[in-house]
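Have a look at the structure below before the remarks.
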Amino acid sequence: MSFRIPCPQCGERSAYEFRFGGEVLTRPQAGADDDAWYHYSFVRRNEMGIQTEWWYHRFGCRQWLQAVRDTRANRVIRAYFPDGKEQTDLGTGES
Amino acid sequence: MQLFSNGQMWRSHELKPSYDVAIVGAGVHGLATAYYLGRLFGIRKIALLDKGYLGYGASGRNTAILRSNYRTPEGVRFYNAALKLYEGLSAELEWNLMFSQCGHLTLGHTDTAVAGLRVRAETNQLLGVDSRIIGPDEIQKLVPHIDCSSAPRYPIMAALYHPPGGIIRHDAVVWGLARACDRMGIEIHTRTEVTGFRVSGRKVESVITNRGEVAADTVVNATAGWASTICKMAGVSMPIVSHPLQACVTEPLKPFLNAVIVSASLHVYVNQTGRGELVIGSEIDPYQSYSMKGTLPTLEQMASSALELFPQLHHIRVLRQWAGICDMTPDFAPIIGRCEELDNFQVDVGWGTYGFKAAPAAGRYLAEAIATGKTPDIIAPFAPDRFRRRQLVGEKAAAAVSH
Ligand SMILES: Cc1cc2nc3c(=O)[nH]c(=O)nc-3n(C[C@H](O)[C@H](O)[C@H](O)COP(=O)(O)OP(=O)(O)OC[C@H]3O[C@@H](n4cnc5c(N)ncnc54)[C@H](O)[C@@H]3O)c2cc1C
Ligand SMILES: [Zn+2]
């Protein structure tokens with residue numbers, strides 16, 4: 001099976017329409033200690049299994065979305081916009 | 001006289017209850033570490049534990065390019081030590097590794113790329129590595145069939161020429177090291193998957209596998225693309241992401257290309273094997289993954305970039321395409337040495353797309369670190385805690401696509 005991502009705006013597309021943006025991380029608060037910044041800057045979970053990631057639909061709606069993916073088979077279980085709103089049917093004509 | 005021996009290259013064993021050293025991953029790095037522990041330091045009660053067969057990982061999937069023309073002084077010194085060890089390894093192992101030092105050319109197609117190559121040439125020369133900038137005339141002489149005209153979209157402006165670089169037979173390296181390990185009594189356990197560790201305080205007491213549990217004084221993680229999974233089992237965090245890297249091989253042709261050609265701008269590299277096939281490699285897939293399946297877009301990209309360099313290949317067929325998993329680090333340099341969190345857990349990881357050429361030096365000096373408890377200077381810059389200290393080893397410009 002080829003690697004496809006269901007964009008909440010545009011529907012299911014080839015992963016090659018998207019730019020990978022890495023694992024979803026929580027940015028440390030200002031003033032956090034060095035250890036927190038070390039983890040945020042360098043350490044990655046690099047899950048062999050299911051992880052949540054950023055993807056940018058550059059050859060589509062040009063929006064950043066998050067996807068839950070199994071990295072063993074490149075199967076996307078869920079994709080959504082980060083504010084959590086379902087935006088499958090905006091119909092604004094703007095894309 | 002017996003021309004072909006019936007003897008096995010390595011034997012299988014029952015797992016013993018304990019070992020001096022347990023090495024997770026029996027790719028070229030795990031094997032090299034075991035080999036030098038046994039040969040130079042007399043440590044032979046070693047178990048190599050691998051979930052697959054020998055060569056299941058990137059060690060059986062790479063494009064076998066060796067070179068030492070890196071960018072940082074730390075990198076150049078280290079990779080050159082590896083190249084020197086490789087030069088003597090066929091004789092040492094009594095096993096032909098078919099190392100062909102046919103020369104390595106990194107092409108520059110833009111002013112910026114050429115400036116980067118100049119920096120490397122200067123650093124290389126200061127450290128005694130044979131490496132220099134050559135222009136299109138000399139490139140054309142070395143590689144008569146490459147398109148040095150102004151026709152391509154990105155014409156070739158110059159190249160970093162590295163005569164001692166070349167290609168080796170990667171399977172032979174793995175098998176030769178495995179045989180040498182076996183002869184020293186080092187045990188190779190394939191189909192043995194590590195599923196966890198028993199950790200007490202700052203020490204890994206034992207390794208849990210699908211075939212039982214083994215105690216070890218020292219545990220080494222040499223699992224490259226799977227490095228994060230093993231570190232996680234030990235409670236150690238790693239600045240690594242795993243990306244697939246793809247390559248392909250064409251039908252055999254008469255010998256016409258006697259150098260390794262790399263173009264970072266075109267994201268491609270090409271060489272011709274002793275069998276006449278062209279091996280063509282790409283840059284990493286642009287997303288993290290543990291899937292070892294080839295993809296059509298990457299095949300198209302490899303083919304179109306190779307045709308920019310060698311348009312006359314347009315009718316040549318591709319025989320195979322494959323992928324391996326690469327453990328990428330933030331600075332494109334490896335991570336070697338003891339992890340801060342534990343006293344007896346060593347890593348030899350972060351080999352990305354360039355670790356095959358490094359194996360003898362990584363194995364040799366990690367073996368010394370394990371045997372003596374002291375970190376040799378040559379691998380000190382690659383210590384796991386360098387990210388905490390913010391002392392990175394910027395090798396990206398020389399390692400990203402160049403292999
Ligand atoms: C297509 C491609 C081209 C490349 N080209 C070059 C090149 O031209 N030059 C170069 O220098 N480098 C190249 N590389 C990189 C190089 O191949 C690797 O860096 C190197 O082989 C890594 O060796 P290793 O022994 O560390 O890991 P591997 O050979 O990947 O071995 C890791 C082993 O760990 C085992 N393992 C994983 N999980 C477990 C577990 N839970 N329990 C037990 N065992 C486990 C695996 O089965 C595997 O055998 C290339 C890589 C690829 C994929
Ligand atoms: Zn979209």
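Is it the case, given these coordinates, that A:Ala73 is within 14 Å of chain B (Cβ to nearest Cβ), farther than 14 Å from A:Glu12 by Cα, in contact (Cβ under 8 Å) with a residue 40 or more places away in the chain and more than 10 Å from the chain's Cα centre (by Cα)?
Values: within 14 Å of chain B (Cβ to nearest Cβ): yes; farther than 14 Å from A:Glu12 by Cα: yes; in contact (Cβ under 8 Å) with a residue 40 or more places away in the chain: yes; more than 10 Å from the chain's Cα centre (by Cα): yes.
Yes: the conditions hold for A:Ala73.
I'd like to check something: does the range B:295-305 contain any residue that is within 30 Å of B:Val194 (Cα to Cα), within 14 Å of another protein chain (Cβ to nearest Cβ) and buried (at least 17 other Cβ atoms within 10 Å of the Cβ)? Spell out how you get there, then give the answer.
Initial filter on the range B:295-305 (within 30 Å of B:Val194 (Cα to Cα)): B:295.
If we keep only those that are within 14 Å of another protein chain (Cβ to nearest Cβ) too, we end up with B:295.
Adding the requirement that they be buried (at least 17 other Cβ atoms within 10 Å of the Cβ) leaves B:295.
Yes, the range B:295-305 contains at least one residue that is within 30 Å of B:Val194 (Cα to Cα), within 14 Å of another protein chain (Cβ to nearest Cβ) and buried (at least 17 other Cβ atoms within 10 Å of the Cβ).
What about A:Arg4, is it closer than 29 Å to B:Arg390 by Cα and open to solvent by 40 Å² or more (accessible area, probe 1.4 Å)?
Details: closer than 29 Å to B:Arg390 by Cα: no; open to solvent by 40 Å² or more (accessible area, probe 1.4 Å): yes.
Criteria not met by A:Arg4.
Listed here are the residues, each with its yes/no results for (1) within 18 Å of B:Ser228 (Cα to Cα); (2) within 14 Å of another protein chain (Cβ to nearest Cβ); (3) away from ligand 1 (no atom under 13 Å from the Cβ).
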position: B:Gln312; (1), (2), (3): no, no, yes
position: B:Arg320; (1), (2), (3): no, no, no
position: B:Gly324; (1), (2), (3): yes, no, no
position: B:Ala333; (1), (2), (3): yes, yes, no
position: B:Asp343; (1), (2), (3): no, no, yes
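Is it the case that the range A:61-74 has a residue that's open to solvent by less than 30 Å² (accessible area, probe 1.4 Å) and among the hydroxyl-bearing types (Ser, Thr, Tyr)?
The initial filter retains those residues of the range A:61-74 that are open to solvent by less than 30 Å² (accessible area, probe 1.4 Å), namely A:61, A:65-71, A:74.
Okay, now just the ones that are also among the hydroxyl-bearing types (Ser, Thr, Tyr), so A:71.
Within the range A:61-74, one or more residues are open to solvent by less than 30 Å² (accessible area, probe 1.4 Å) and among the hydroxyl-bearing types (Ser, Thr, Tyr).
Just for strands (runs of 3 or more DSSP E) wholly inside the range A:1-45: which have at least 2 residues that are facing chain B (nearest Cβ under 8 Å) and within 16 Å of ligand 2 (Cβ to nearest atom)? Outline the logic, then answer.
Working: elements: A:4-7, A:11-14, A:19-23.
Strands (runs of 3 or more DSSP E) meeting the threshold: A:19-23.
Just the residues that are under 25 Å from B:Ile46 (Cα atoms) and more than 12 Å from ligand 1 (Cβ to nearest atom), please, taken from the range B:220-237. Steps first, please.
Quick first cut of the range B:220-237, residues under 25 Å from B:Ile46 (Cα atoms) only: B:220-236.
Selection gives B:Gly235, B:Val236.
In the list B:Gln140, B:Gln125, which residue meets the criterion of being open to solvent by 50 Å² or more (accessible area, probe 1.4 Å), in contact with a Cys (Cβ under 6 Å, 6 or more places away or on another chain) and either free of Cβ contacts under 8 Å to residues at least 24 places away in the same chain or not in a helix (DSSP H, G or I) (or both)? Show your work before the answer.
Working: B:Gln125 fails: in contact with a Cys (Cβ under 6 Å, 6 or more places away or on another chain).
Within the list B:Gln140, B:Gln125, the selection yields B:Gln140.
Every residue in the range B:224-264 that is part of a strand (DSSP E or B) and out of contact with any strand residue (DSSP E or B) (no Cβ under 7 Å at 6 or more places or on another chain), please.
Pass one, the range B:224-264, residues part of a strand (DSSP E or B): B:241-250, B:260-263.
Once the filter is applied, which keeps residues that are part of a strand (DSSP E or B) and out of contact with any strand residue (DSSP E or B) (no Cβ under 7 Å at 6 or more places or on another chain), the range B:224-264 yields nothing.
Check B:Val214, B:Val207 and return the single one that is more than 14 Å from every other protein chain (Cβ to nearest Cβ) and either assigned to a loop (DSSP other than H, G, I, E, B) or within 10 Å of ligand 1 (Cβ to nearest atom) (or both). Outline the logic, then answer.
Working: B:Val214 fails: either assigned to a loop (DSSP other than H, G, I, E, B) or within 10 Å of ligand 1 (Cβ to nearest atom) (or both).
That would be B:Val207, the only listed residue that is more than 14 Å from every other protein chain (Cβ to nearest Cβ) and either assigned to a loop (DSSP other than H, G, I, E, B) or within 10 Å of ligand 1 (Cβ to nearest atom) (or both).
So which residues in the range B:51-78 are more than 9 Å from ligand 1 (Cβ to nearest atom), buried (at least 22 other Cβ atoms within 10 Å of the Cβ) and part of a helix (DSSP H, G or I)?
Residues satisfying the conditions are B:Gly75, B:Val76, B:Phe78.
The values are calculated or read from the model by the stated rules, or taken from the named source; none is laboratory data. Remember, predicted model here, so these are calculated numbers, not experimental data. Note that each Cβ is placed from the backbone with ideal geometry, even for glycine, and that neighbours are counted across all protein chains shown. To get the accessible areas, we keep the full protein, side chains included, count just its heavy atoms, and leave off ligands, DNA and RNA. Shrake-Rupley method; radii C 1.70, N 1.55, O 1.52, S 1.80 Å.
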